[in-house]
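Sending over a structure as structure tokens; questions will come in a sec.
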Amino acid sequence: MAICGSRTHIGHFVGNITAMRLHYSSSAKSSAVFYNKRGFQNVCKANISLRSKERPNNLMFSQYFTTDAARRSSDLNPHKRFGLEGFRNLSLECFSSGTASASNVSSDNSKDTEQVVDVVDSSEAKIHLKLNSGSFYLPHPAKAKTGGEDAHFICTLTPAIGVADGVGGWADLGIDAGLYARELMSHSLTALQEEPKGSVDLIRVLEKAYVRTKAKGSCTACIVALTDEGLYAVNLGDSGFILVRNGCAAFKSPAQQHGFNFPYQLDCNKAGDSPSSAMVFKVTVERGDVLIVGTDGLFDNLYDEDISGVVLQAMEAGLGPRVTAQRIAELAQQRAMDHTKSSPFSDGAREAGFDYHGGKLDDITVVVSYITE
């Protein structure tokens, strides 16, 4: 596995937008999940067929739920509630440390890393698959000297990827939230190694990392693993992942936010959201699929079709995952600096009543994984 350095900054926001993230980092206590502007506390599942040759609206076979849910709602159509319409405004992060000590762990402070891991797929044919991963990180230009506030890892022992985004609002209190994000990812990596072989529980992994993290700050977190049953992921906040199949976005994790630019997050005071509030996903995969995991610096600036387009061009050109990750990250940063074009972030800002245009300058972490035989 590889661990590489990073952090996040909130970009060129107007003051009241920034304040929402900062306010949460010290005082928010709600644990309800907000989905398409509606909260719920009960178990929710979605089952949609994932067809390899169809358009995205028919592409999904997934299942996800909130782990702290208590009862099931019977008056909602799950396909209506969890269709692709709800996966539209969604979003993760990067780490650098030499603390990992296992023999199969590598530590690297460079801006890009690449690892290959083997896993057995859950299909009837039991096809052996490889998760060929590469990462690229671009810190906010103003944070380049300190490395930004994102963190991520690529694990080879247990094929998994983790990203975390330190909430930049802590900087107003003189606290570098990147330290929290990096420590959380380091402990997540250790917790993964402690899991029973073939029986990984990512909520347990995140819980262990959360309890062990002592740095000041807060961050979002997303961990995705490749198991015998496909992709298994947990996500808390506005980092996330997207699965591209045949040049189209087949699945995208929804963001968890208490309000606009006010994501769920784990914090040092243990007064905010908990790991049990994370959403859990199980998504079937097949040879040729491409997994992209990233922080909100990616998903706030690129639409699904932008990411899918870069992936398709990269696959046609025979590029490796690290180079693909670099191209996606560079396009996201280019859009972040464009104050004229619309972006997912500006769309969300306008929907929330803010007069905001262009992209959002931020740390950008991108991890790309090719799923091959």
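The numbers here are math on the coordinates, done by the rules we state, and not lab data. Just so it is clear, the structure is predicted and the values come from calculations on it, not from any experiment. Cβ placement follows ideal geometry from the backbone for every residue including glycine, while neighbour counts extend to all protein chains displayed.
Return the distance in nm (one decimal) between the two label points of a simple spin-label model at ASP228 and GLN313, each offset 7 Å from Cα along Cα→Cβ.
Roughly 4.1 nm, to one decimal.
Residues with amide H under 5 Å of GLY272's amide H, sequence separation 5 or more or different chain, H placed in the peptide plane at 1.01 Å from N; which?
ASP267
How much length is gained on full extension from HIS128 to GLU330, taking 0.36 nm per residue of separation minus their Cα-Cα distance?
Fully extending the segment from HIS128 to GLU330 adds 69.5 nm.
Also, I was wondering about something else. Could you tell me the relative contact order of segment 227-373? Use alpha-carbon pairs under 8 Å, at least six residues apart, and round to a whole percent. Could the numbers behind the result be given before it?
Values: 261 pairs, mean separation 40.4, N = 147.
Relative CO of segment 227-373 lands at 27 percent.
May I ask you to evaluate 6.51 cos²θ - 1.76 cosθ + 1.60, the Karplus curve with θ = phi - 60°, for each residue of segment 210-222 and list the ³J(HN,Hα) values in order in whole Hz, giving x for glycine and proline?
4, 5, 7, 7, 10, 5, 7, x, 7, 7, 7, 7, 9
Let me ask something else. Can you tell me the order of 258-271, 158-171, 210-223 when each peptide is scored by its average per-residue count of other Cβ atoms within 10 angstrom, highest first?
158-171, 210-223, 258-271
Mind giving me the nanometre distance, one decimal, between the label points for ALA142 and ASP347, set 7 Å out from Cα along Cα→Cβ?
Going from the ALA142 label point to the ASP347 one covers 2.6 nm.
Something else: For segment 252-336, what's the relative contact order in percent, using C-alpha pairs closer than 8 Å and at least 6 residues apart? Each step should come with its number before you reach the end.
Details: 33 pairs, mean separation 16.8, N = 85.
So the answer I get is 20 percent.
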